[in-house]
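Trainee: Attaching a single structure in C-alpha coordinates format; questions to follow.
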Amino acid sequence: MVVSMKTTTETHERLKAGGLRVTSQRLLVLQILEESREHLDAKTIYVRGREHDPDLSLATVYRTLAKLKEMGLVEMCYLARDRRRAYYEATDKGEHYHFTCLGCGRITEIRTSCIEQACREMAEKLGLVFTRANVCLKGYCPACAARGED
Ligand SMILES: [Zn+2]
Ligand SMILES: [Zn+2]
(Lines give C-alpha, C1' and ligand atoms only; values in the text may rest on other atoms or scores of the structure.)
(Ligands and ions follow the chains in the order given, each with its own letter.)
Protein backbone atom coordinates (compact mmCIF):
# COMPACT_ATOMS: atom_id res chain seq x y z
CA MET A 1 0.00 0.00 0.00
CA VAL A 2 2.86 2.40 0.66
CA VAL A 3 5.74 3.39 -1.50
CA SER A 4 8.81 2.45 0.48
CA MET A 5 9.23 0.44 3.65
CA LYS A 6 12.06 2.56 4.96
CA THR A 7 10.04 5.75 4.89
CA THR A 8 7.12 3.94 6.46
CA THR A 9 9.19 3.00 9.50
CA GLU A 10 10.65 6.47 9.85
CA THR A 11 7.30 8.16 9.36
CA HIS A 12 5.82 5.77 11.90
CA GLU A 13 8.50 6.77 14.41
CA ARG A 14 7.87 10.46 13.83
CA LEU A 15 4.16 10.01 14.46
CA LYS A 16 4.86 8.13 17.67
CA ALA A 17 7.42 10.68 18.83
CA GLY A 18 4.80 13.38 18.22
CA GLY A 19 2.57 11.60 20.72
CA LEU A 20 0.04 10.61 18.09
CA ARG A 21 -1.75 7.33 17.93
CA VAL A 22 -0.53 5.80 14.70
CA THR A 23 -3.42 5.05 12.38
CA SER A 24 -3.00 3.91 8.80
CA GLN A 25 -4.65 7.09 7.55
CA ARG A 26 -2.39 9.40 9.56
CA LEU A 27 0.57 7.42 8.30
CA LEU A 28 -0.68 7.70 4.75
CA VAL A 29 -1.26 11.46 4.84
CA LEU A 30 2.13 12.16 6.42
CA GLN A 31 3.86 9.84 4.01
CA ILE A 32 2.30 11.46 0.96
CA LEU A 33 3.64 14.80 2.19
CA GLU A 34 7.07 13.48 3.08
CA GLU A 35 7.52 11.83 -0.28
CA SER A 36 6.26 14.76 -2.26
CA ARG A 37 8.70 17.28 -3.60
CA GLU A 38 5.97 19.89 -4.01
CA HIS A 39 3.53 21.67 -1.77
CA LEU A 40 0.18 19.94 -1.73
CA ASP A 41 -3.29 21.15 -0.92
CA ALA A 42 -5.75 18.98 0.98
CA LYS A 43 -7.62 18.02 -2.19
CA THR A 44 -4.47 16.70 -3.85
CA ILE A 45 -3.52 14.75 -0.73
CA TYR A 46 -7.00 13.29 -0.71
CA VAL A 47 -6.82 12.25 -4.37
CA ARG A 48 -3.40 10.64 -3.90
CA GLY A 49 -4.44 9.00 -0.65
CA ARG A 50 -7.50 7.44 -2.24
CA GLU A 51 -5.24 5.46 -4.57
CA HIS A 52 -3.98 3.64 -1.48
CA ASP A 53 -7.01 3.76 0.74
CA PRO A 54 -10.45 3.96 -0.89
CA ASP A 55 -12.02 4.62 2.53
CA LEU A 56 -10.17 7.90 2.99
CA SER A 57 -12.46 10.92 3.09
CA LEU A 58 -11.67 14.57 2.53
CA ALA A 59 -12.89 15.33 6.05
CA THR A 60 -10.38 12.83 7.45
CA VAL A 61 -7.62 14.46 5.43
CA TYR A 62 -8.47 17.87 6.89
CA ARG A 63 -8.69 16.47 10.41
CA THR A 64 -5.44 14.60 10.02
CA LEU A 65 -3.64 17.64 8.63
CA ALA A 66 -4.80 19.72 11.60
CA LYS A 67 -3.50 17.07 14.01
CA LEU A 68 -0.17 16.73 12.21
CA LYS A 69 0.22 20.48 12.18
CA GLU A 70 -0.45 20.63 15.90
CA MET A 71 2.25 17.99 16.36
CA GLY A 72 4.72 20.05 14.32
CA LEU A 73 5.07 17.35 11.67
CA VAL A 74 3.37 19.32 8.97
CA GLU A 75 3.38 22.97 8.12
CA MET A 76 0.71 24.96 6.37
CA CYS A 77 1.51 27.76 3.99
CA TYR A 78 -0.52 30.06 1.82
CA LEU A 79 1.12 30.20 -1.54
CA ALA A 80 -1.68 31.43 -3.73
CA ARG A 81 -1.98 35.12 -4.30
CA ASP A 82 -5.47 35.33 -2.87
CA ARG A 83 -4.45 33.24 0.18
CA ARG A 84 -7.55 31.19 -0.33
CA ARG A 85 -5.82 27.88 -0.80
CA ALA A 86 -3.68 26.43 1.95
CA TYR A 87 -0.82 24.14 1.03
CA TYR A 88 0.92 21.68 3.24
CA GLU A 89 4.41 20.29 3.47
CA ALA A 90 6.24 17.99 5.84
CA THR A 91 8.56 19.71 8.28
CA ASP A 92 11.27 17.08 7.77
CA LYS A 93 12.34 19.05 4.68
CA GLY A 94 14.16 21.49 6.94
CA GLU A 95 13.62 25.19 7.33
CA HIS A 96 13.21 27.11 4.12
CA TYR A 97 11.32 30.13 2.87
CA HIS A 98 8.94 30.68 0.01
CA PHE A 99 9.15 33.14 -2.81
CA THR A 100 5.93 33.59 -4.78
CA CYS A 101 6.08 35.12 -8.24
CA LEU A 102 3.24 37.61 -8.63
CA GLY A 103 3.39 37.13 -12.41
CA CYS A 104 3.19 33.38 -12.97
CA GLY A 105 2.49 32.21 -9.43
CA ARG A 106 5.49 29.90 -9.35
CA ILE A 107 6.87 29.08 -5.91
CA THR A 108 10.60 29.01 -5.34
CA GLU A 109 12.00 27.54 -2.16
CA ILE A 110 14.78 29.55 -0.67
CA ARG A 111 17.33 28.17 1.71
CA THR A 112 19.54 30.67 3.46
CA SER A 113 21.19 30.95 6.83
CA CYS A 114 20.53 34.72 6.91
CA ILE A 115 17.15 34.41 8.64
CA GLU A 116 18.52 32.05 11.23
CA GLN A 117 21.37 34.43 11.83
CA ALA A 118 19.00 37.38 12.18
CA CYS A 119 16.98 35.39 14.74
CA ARG A 120 20.13 34.57 16.68
CA GLU A 121 21.10 38.23 16.76
CA MET A 122 17.65 39.33 17.89
CA ALA A 123 17.56 36.59 20.48
CA GLU A 124 20.78 37.93 21.93
CA LYS A 125 19.80 41.57 21.73
CA LEU A 126 16.15 41.35 22.75
CA GLY A 127 16.01 38.11 24.66
CA LEU A 128 13.39 36.70 22.32
CA VAL A 129 13.07 32.96 21.97
CA PHE A 130 12.38 31.95 18.39
CA THR A 131 10.84 28.63 17.56
CA ARG A 132 10.36 29.00 13.87
CA ALA A 133 10.52 31.58 11.13
CA ASN A 134 7.83 31.71 8.52
CA VAL A 135 8.95 33.99 5.76
CA CYS A 136 6.95 34.67 2.60
CA LEU A 137 8.68 36.67 -0.07
CA LYS A 138 6.92 38.09 -3.08
CA GLY A 139 8.06 39.57 -6.33
CA TYR A 140 8.80 38.50 -9.87
CA CYS A 141 10.79 35.56 -11.14
CA PRO A 142 13.52 36.27 -13.72
CA ALA A 143 11.24 35.38 -16.65
CA CYS A 144 8.38 37.60 -15.45
CA ALA A 145 10.74 40.41 -14.49
CA ALA A 146 12.19 40.33 -18.01
CA ARG A 147 8.69 40.56 -19.47
CA GLY A 148 8.23 43.79 -17.51
CA GLU A 149 5.35 42.68 -15.32
CA ASP A 150 4.20 45.18 -12.80
ZN1 LIG B 1 7.03 34.38 -12.78
ZN1 LIG C 1 8.29 24.69 0.91
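The values are calculated or read from the model by the stated rules, or taken from the named source; none is laboratory data. These numbers were taken from a predicted model, which means no experiment stands behind them. Every residue, glycine among them, receives a Cβ derived from its backbone with ideal geometry; neighbour counts consider all protein chains shown. The accessibility values were calculated without ligands, DNA or RNA, using every heavy atom of the protein model including side chains. Shrake-Rupley method; radii C 1.70, N 1.55, O 1.52, S 1.80 Å.
Trainee: Run lengths n ≥ 4 of DSSP H only: what is the helix-derived mean residue ellipticity at 222 nm for the chain, with -39500 (n - 2.57) per run over all residues, to the nearest 500?
Mentor: -13500 deg cm²/dmol
Trainee: Under a plain spin-label model, where a point goes 7 Å from the Cα along Cα-to-Cβ, how far apart in nm are Ala133 and Lys69?
Mentor: Between Ala133 and Lys69, the label points sit 2.3 nm apart.
Trainee: Just the number please: accessible area per residue for the range 43-141, 1.4 Å probe, all protein chains included, in Å².
Mentor: Roughly 64 Å² per residue, with all protein chains present.
Trainee: Unpartnered cysteines of the chain (Cβ-Cβ under 4.7 Å counts as a partner)?
Mentor: Taking the Cβ cut-off of 4.7 Å, the unpaired cysteines of the chain are Cys77, Cys104, Cys114, Cys119, Cys136, Cys144.
Trainee: Then there's this: Rounded to the nearest 10 degrees, what's the angle between the helix 58-70 long axis and the longest principal axis of the chain, both from Cα atoms, 0 to 90?
Mentor: Long axis of 58-70 versus the principal axis of the chain: about 60 degrees.
Trainee: For the modelled label position 7 Å from the Cα of Lys93 along Cα-to-Cβ, which residues of the range 38-71 have backbone nitrogen atoms closer than 11 Å?
Mentor: Within reach of a label on Lys93, which here means backbone N under 11 Å from a point 7 Å along Cα→Cβ, the range 38-71 contributes 38-41.
Trainee: Can you compute the modelled spin-label distance between Cys119 and Arg85, with each label point 7 Å from Cα toward Cβ, in nm?
Mentor: For the pair Cys119/Arg85, the computed spacing is 2.8 nm.
Trainee: Using a probe of 1.4 angstrom, how much of the accessible area of the chain is carbon and sulfur, in percent?
Mentor: 52 percent
Trainee: At a threshold of 8 angstrom on Cα-Cα distance, excluding pairs fewer than six apart, so keeping six or more, what relative contact order does the chain reach in percent?
Mentor: 17 percent
Trainee: Sorted by mean Cβ packing within 10 Å, highest first, what order do the peptides 24-31, 100-107, 84-91 take?
Mentor: Averaged packing, sorted descending, gives the order 24-31, 84-91, 100-107.
Trainee: Would you mind telling me the antiparallel percentage of the DSSP bridges in the chain, rounded to 5?
Mentor: The antiparallel proportion sits near 75 percent.
Trainee: Suppose a student asked you for the relative contact order of the range 95-150, using Cα pairs under 8 Å spaced at least 6 residues apart; what percent would you report?
Mentor: It rounds to 46 percent for the range 95-150.
Trainee: Can you tell me the orientation of helix 114-126 relative to the chain, as the angle in degrees between its alpha-carbon axis and the longest Cα principal axis, to the nearest 10?
Mentor: Tilt of helix 114-126: around 80 degrees.
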